[in-house]
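Colleague: Pasting a structure here, questions to come.
The values are calculated or read from the model by the stated rules, or taken from the named source; none is laboratory data. Not measured: the values here are computed from a predicted model. Backbone-built Cβ (ideal geometry, glycine too); neighbour counts: all protein chains shown.
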Amino acid sequence: MPKPKSKKTSNIGPTVSLPKGATALTIAGSDPSGGAGLQADLKTFQQFQVYGMSVVTLLTVQNTQSVEQVLTLEPSFVRQQLRAVLSDIPPRAIKLGALGNAEIVQAVAEELNSVKVPIVIDPVMVSKHGHALLDDQAVESYRKLLLPKAYLLTPNRLEAEKLTGMSIRSFPDVQLALHRLQEMGCQNVLLKYGRVDQEYRVYLTGGDGIAGMSLPFQTTNRTHGSGCVLAACITALLALGQTDLETIVYYSVQEVTTGVAAGESLGKGISPVETRLIRGPF
């Protein structure tokens, strides 16, 4: 009679201790190419060992080359998604991305009225390809209904100009824009100013004035979804219980810079940020 085979044991990989209760929700649009929107958010959450959930606000037909079509969902359906998640798996932090129109902005704002966790708002208005992802009617709703809920608002310079109604071309402009956004109700604002000479600059304001941060500017085409990924990194760190916002932002900017500077270029157009290179502070 043949001898029974001995059972093999697997020693593949280290034992991982997951952060208990680390959950985050993204409320955003879908990018089927995976470079931006809720797909980029969920991949980023995963890199931080944060359990990610998503509420879909709009669908896009896009890839690295262009956005061909945008379909916003019914506000009532967005509400139902939000209620389903919030009633079952409460997130420790929430990120808002592309919302599409004033009706969805209102629906999301109303459903978040009783939520007490940090909310990071990335006011996605235009795609990297120049396609509008938020109609003009929604901007005023955004100001009145969502900005007062923002623990952190993360606009780029063009989005900040649209929200404040002013041109931002100098540091005094930055100071005034940050002041106006805080007057609208934002607790903290991270203004992604962009390139100045050979540096990439951001400005963070909160209770202790303005903190300027700069990193070497990366000449690369791997920038698709960079705003989504940055806000998702910050959201993930908040979900992990981190509280020093300046440290959180600086760490997140560094990680996104890594994802922009290195990795594999994908697609024929603006390549996605390489989220696989982003790591949580473990």
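Colleague: Being over 14 Å from Val273 (Cα atoms), touching a strand residue (DSSP E or B) at 6+ places or on another chain (Cβ under 8 Å) and surrounded by fewer than 22 Cβ atoms within 10 Å (Cβ to Cβ) is the filter; apply it to the stretch 31-52 and report the residue that is modelled with the lowest pLDDT.
Modeller: By that ranking, first place goes to Pro32.
Colleague: To continue, here is another question. Looking at the stretch 182-216, which of the residues that are charged (D, E, K, R) and outside any loop (DSSP other than H, G, I, E, B) is nearest to Lys162 (Cα to Cα)? Steps first, please.
Modeller: To start, the set of residues in the stretch 182-216 that are charged (D, E, K, R) comprises 183, 192, 195, 197, 199, 201, 208.
Of the ones still in play, those that are also outside any loop (DSSP other than H, G, I, E, B) are 183, 192, 195, 199, 201.
Values: Glu183: 15, Lys192: 14, Arg195: 19, Glu199: 24, Arg201: 19 Å.
Among those residues, the one meeting the criterion is Lys192.
Colleague: Find the residue count for the stretch 117-138, including only residues that are in a loop (DSSP other than H, G, I, E, B) and modelled with pLDDT under 95.
Modeller: So the first thing to find is which residues in the stretch 117-138 are in a loop (DSSP other than H, G, I, E, B), and the list is 117-118, 122-125, 127-131, 133, 135.
In the following step, the residues that additionally are modelled with pLDDT under 95 were identified as 123-125, 127-131, 133, 135.
Count: 10.
Colleague: Something else: Among the listed residues Val202, Val174, Val196, Val139, identify the single one that is under 20 Å from Ala93 (Cβ atoms) and either β-branched (Val, Ile, Thr) or touching a helix residue (DSSP H, G or I) at 6+ places or on another chain (Cβ under 6 Å) (or both). It would help to see each step written out before you state the result.
Modeller: Details: Val174 fails: under 20 Å from Ala93 (Cβ atoms); Val196 fails: under 20 Å from Ala93 (Cβ atoms); Val139 fails: under 20 Å from Ala93 (Cβ atoms).
Answer to the selection: Val202.
Colleague: Would you mind finding the one in Ile104, Ile89 that is out of contact with any helix residue (DSSP H, G or I) (no Cβ under 9 Å at 6 or more places or on another chain), aliphatic (A, V, I, L, M) and at pLDDT 95 or above?
Modeller: On the way: Ile104 fails: out of contact with any helix residue (DSSP H, G or I) (no Cβ under 9 Å at 6 or more places or on another chain).
The conditions single out Ile89.
Colleague: Separate question: Show the residue pairs meeting these rules: Cβ distance below 6 Å; 6+ apart or different chains; first residue within the stretch 64-82 and at pLDDT 95 or above; second residue part of a helix (DSSP H, G or I).
Modeller: Final answer for the pair search is Pro75/Glu103; Pro75/Ile104; Pro75/Ala107; Val78/Ile104; Val78/Ala107; Arg79/Ala107; Arg79/Glu111; Leu82/Glu111.
Colleague: Then there's this: Counting only residues that are part of a loop (DSSP other than H, G, I, E, B), without any contact (Cβ under 8 Å) to a residue 60 or more places away in the chain and not polar (S, T, N, Q), which one in the stretch 217-256 is surrounded by the most Cβ atoms within 10 Å (Cβ to Cβ)? Spell out the reasoning first.
Modeller: So in the stretch 217-256, the residues part of a loop (DSSP other than H, G, I, E, B) come out as 217-223, 225, 240-244.
Filter once more, keeping what is without any contact (Cβ under 8 Å) to a residue 60 or more places away in the chain: 217-222, 242-244.
Then keep just the ones that are not polar (S, T, N, Q); that gives 217, 222, 244.
Numbers: Phe217: 16, Arg222: 22, Asp244: 10.
The qualifying residue surrounded by the most Cβ atoms within 10 Å (Cβ to Cβ) is Arg222.
Colleague: Which condition number in (1) buried (at least 22 other Cβ atoms within 10 Å of the Cβ); (2) among the small types (Gly, Ala, Ser); (3) more than 27 Å from Gln80 (Cβ to Cβ) is the one that Ser170 fails?
Modeller: For Ser170, the failing item is (1).
Colleague: Turning to a different aspect of this structure: Have a look at Leu112, Leu146 and point out the one that is buried (at least 23 other Cβ atoms within 10 Å of the Cβ), of a type in the set (A, V, I, L, M) and either modelled with pLDDT of 90 or more or over 28 Å from Ile270 (Cβ atoms) (or both). It would help to see each step written out before you state the result.
Modeller: Values: Leu112 fails: buried (at least 23 other Cβ atoms within 10 Å of the Cβ).
Step by step, each of Leu112, Leu146 is checked, and only Leu146 is buried (at least 23 other Cβ atoms within 10 Å of the Cβ), of a type in the set (A, V, I, L, M) and either modelled with pLDDT of 90 or more or over 28 Å from Ile270 (Cβ atoms) (or both).
Colleague: Suppose we filter Leu181, Leu215, Leu230 for residues that are under 25 Å from Gly280 (Cα atoms) and at pLDDT 95 or above; which single one remains? Walk me through how you get there before you give the answer.
Modeller: Values: Leu181 fails: under 25 Å from Gly280 (Cα atoms); Leu215 fails: at pLDDT 95 or above.
Unique residue meeting the criteria: Leu230.
Colleague: Among all residue pairs at least 6 apart or on different chains, which show Cβ distances below 6 Å where the first residue, located in the stretch 179-200, is of a type in the set (Gly, Ala, Ser) and the second is at pLDDT 95 or above and crowded, with 21+ Cβ neighbours inside 10 Å?
Modeller: Gly185/Leu147
Colleague: Let me ask something else about it. Does Ser214 satisfy being over 30 Å from Gly263 (Cβ atoms), without any contact (Cβ under 8 Å) to a residue 40 or more places away in the chain, small (Gly, Ala, Ser) and out of contact with any Cys (no Cβ under 6 Å at 6 or more places or on another chain)?
Modeller: Numbers: over 30 Å from Gly263 (Cβ atoms): no; without any contact (Cβ under 8 Å) to a residue 40 or more places away in the chain: yes; small (Gly, Ala, Ser): yes; out of contact with any Cys (no Cβ under 6 Å at 6 or more places or on another chain): yes.
It is false that Ser214 is over 30 Å from Gly263 (Cβ atoms), without any contact (Cβ under 8 Å) to a residue 40 or more places away in the chain, small (Gly, Ala, Ser) and out of contact with any Cys (no Cβ under 6 Å at 6 or more places or on another chain).
Colleague: Kindly establish whether Ala24 is within 18 Å of the chain's Cα centre (by Cα), modelled with pLDDT of 95 or more, under 26 Å from Tyr142 (Cα atoms) and among the small types (Gly, Ala, Ser).
Modeller: On the way: within 18 Å of the chain's Cα centre (by Cα): yes; modelled with pLDDT of 95 or more: yes; under 26 Å from Tyr142 (Cα atoms): yes; among the small types (Gly, Ala, Ser): yes.
Answer is yes for this residue.
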